[in-house]
Amino acid sequence: MSTPRVFKSALFWLLATLLLIAVFTALGPAEKTLGVNVRVVYLHGAWVWTALAAFIAAAATGLGGFVFRRESLHRWSLALGRTGLLFWITYLPISLWAMQANWNGLFLVEPRWRVGVIFAVGGVLLQAGLTLLESPMWASALNLGYAVALLAVLQTTGRIMHPPSPILNSDAPRLQLFFGGLCALTLLAAWQMVRWLRRHDEPHSADVVTAKAPSQTG
């Protein structure tokens with residue numbers, strides 16, 4: 001008996017993983033200071049870490065594409081970069097939620113929030129340009145530059161109310177273990193997104209080859 005087609009779909013597993021993330025977050029352990037509001041902090045942290053991991057992977061894969069001269073790596077870089085941007089953009093409303101829940105208001109002058117918005121807008125413009133260029137090599141080059149710029153800016157960006165790695169610096173191993181599990185789930189969701197975007201890119205590649213075929217045989 002063959003496996004139903006839906007279970008082979010990356011999009012199906014992405015949605016299933018997102019549902020699991022929601023349930024897992026809702027069951028997260030409370031913290032003595034923030035109470036159950038710490039759950040949105042877990043989600044916020046895991047989401048932004050996943051975005052950063054995708055950007056770094058996009059840069060590394062793109063660099064590999066140039067070193068080994070493989071177009072497939074450039075296309076993986078494109079999918080990874082777009083996945084990172086999707087997680088980066090969606091981390092912003094989660095950040096607002098975390099502010100409202102734990103700071104009793106929106107502190108929009110927080111330097112890291114402003115950096116997040118700037119790089120979200122810049123990332124959208126970058127991806128729009130890549131869509132027009134239709135060049136996987138350009139995707140690798142720009143993903144590499146974007147990741148380096150983002151990491152460099154984050155290293156030099158100050159904090160006003162945003163604590164440095166509150167979960168990792170916690171004295172409660174139970175919270176850290178839960179956060180590690182949540183990060184694993186968000187990374188899994190990101191991988192499903194990458195797979196879906198990469199597969200979505202395949203028909204386009206086939207169309208290009210088909211379009212070139214008449215001129216090559218004619």
*Just for segment 1-35: of the residues that are at pLDDT 90 or above and outside any helix (DSSP H, G or I), which one is nearest to Ala149 (Cα to Cα)?*
Gly28
*If you scan segment 63-83, which residues turn out to be over 19 Å from Gln127 (Cβ atoms) and among the polar types (S, T, N, Q)?*
Ser72
*asked:* Among the residues of segment 96-125, what is the count of those that are aliphatic (A, V, I, L, M), assigned to a helix (DSSP H, G or I) and either modelled with pLDDT of 95 or more or surrounded by fewer than 19 Cβ atoms within 10 Å (Cβ to Cβ) (or both)?
replied: 9
_Subset of segment 123-178 (residues that are over 20 Å from the mean Cα position of the chain (by Cα) and among the small types (Gly, Ala, Ser))_ = Ser135, Gly158, Ser170, Ala172
_If the requirement is being in contact with a Gly (Cβ under 6 Å, 6 or more places away or on another chain) and closer than 19 Å to Trp191 by Cβ, which of these qualifies: Ala46, Ala22, Ala16, Ala54?_
Ala54
*How many of the residues making up segment 127-149 are closer than 20 Å to Arg70 by Cα, out of contact with any Gly (no Cβ under 9 Å at 6 or more places or on another chain) and modelled with pLDDT of 95 or more?*
1
*Out of the residues in segment 19-36 that are within 23 Å of the chain's Cα centre (by Cα) and surrounded by 15 or more Cβ atoms within 10 Å (Cβ to Cβ), which is farthest from Cys183 (Cα to Cα)?*
Gly28
*Restricting segment 130-140 to residues that are touching a Phe, Trp or Tyr at 6+ places or on another chain (Cβ under 8 Å) and not hydroxyl-bearing (Ser, Thr, Tyr), which is farthest from Ala58 (Cα to Cα)?*
Leu130
*asked:* Looking at segment 48-95 only, could you name the residues that are without any contact (Cβ under 8 Å) to a residue 24 or more places away in the chain, farther than 15 Å from Tyr146 by Cβ and in a helix (DSSP H, G or I)?
replied: Gly64, Val67, Phe68, Ser72, Pro93
*Quick one: in segment 179-203, which of the residues that are within 24 Å of Ala79 (Cα to Cα) and without any contact (Cβ under 8 Å) to a residue 24 or more places away in the chain is nearest to the chain's Cα centre (by Cα)?*
Trp191
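The values are calculated or read from the model by the stated rules, or taken from the named source; none is laboratory data. This one's a predicted model, so the numbers in the text were calculated from it and none came from an experiment. Here Cβ is always computed from backbone atoms with ideal geometry, including for glycine, and neighbour counts include all displayed protein chains.
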